[in-house]
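For reference, the structure is listed below as structure tokens.
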Amino acid sequence: MGGKSRASHIDNGVHHLAAVTISLLAGKWTIGLILVLADEKQRFTALQRLLPGISHHVLTKELKRLQAYGIISRTVYPTTPPSVEYELTTSGAALYVVLQSASEWATRFLDKAPSLGGSQRLPGNSRERINSDVA
């Protein structure tokens, strides 16, 4: 790690920033939303269709949360009824790259680790999706 001790990284706030990032990604639908928006802009109803099981209320809340963090942007078009599209920001696209790197790590090391159990399993086909994007 570049000659610095792990303790100095913790003292410099790296530990805190990593924990905040992991906390941001820990939401049930967060990674799925980032994966879906990595391909292209999406409307609300398309996001509901692409994330089976997410409720209108939860999707609204999650989109607002990711927007507040600067991960996604929301564009409203002046049509009747108003048309709204969501897309990854530059920050969100950079976070997608982090997810790809995490997937590479998981492919390399988790396949050798004991099986993930219970709630630690990846939801849906998130692992396959990230792995196919990395390949």
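The sole residue among 99, 88, 59, 63 that is closer than 14 Å to residue 30 by Cα and modelled with pLDDT under 95 is 99.
Take residue 68 and tell me if it is modelled with pLDDT of 95 or more, surrounded by fewer than 12 Cβ atoms within 10 Å (Cβ to Cβ) and of a type in the set (A, V, I, L, M, F, W, C). It is true that residue 68 is modelled with pLDDT of 95 or more, surrounded by fewer than 12 Cβ atoms within 10 Å (Cβ to Cβ) and of a type in the set (A, V, I, L, M, F, W, C).
Within the set 46, 7, 19, the sole residue that is more than 28 Å from residue 82 (Cβ to Cβ), loosely packed, with under 15 Cβ neighbours inside 10 Å and modelled with pLDDT of 75 or more turns out to be 19. Of all residues in region 102-112, those satisfying the criterion of being surrounded by 12 or more Cβ atoms within 10 Å (Cβ to Cβ) and of a type outside the set (Asp, Glu) are 102, 103, 106, 107, 110.
Residue count for region 31-49, restricted to those that are part of a strand (DSSP E or B) and either in contact with a helix residue (DSSP H, G or I) (Cβ under 8 Å, 6 or more places away or on another chain) or under 18 Å from residue 94 (Cβ atoms) (or both): 1.
The values are calculated or read from the model by the stated rules, or taken from the named source; none is laboratory data. What you see is a predicted model, and the numbers here were worked out from it, not measured in a lab. Don't worry about glycine lacking a Cβ; one is built from the backbone with ideal geometry, like all the others, and counts go over all protein chains shown.
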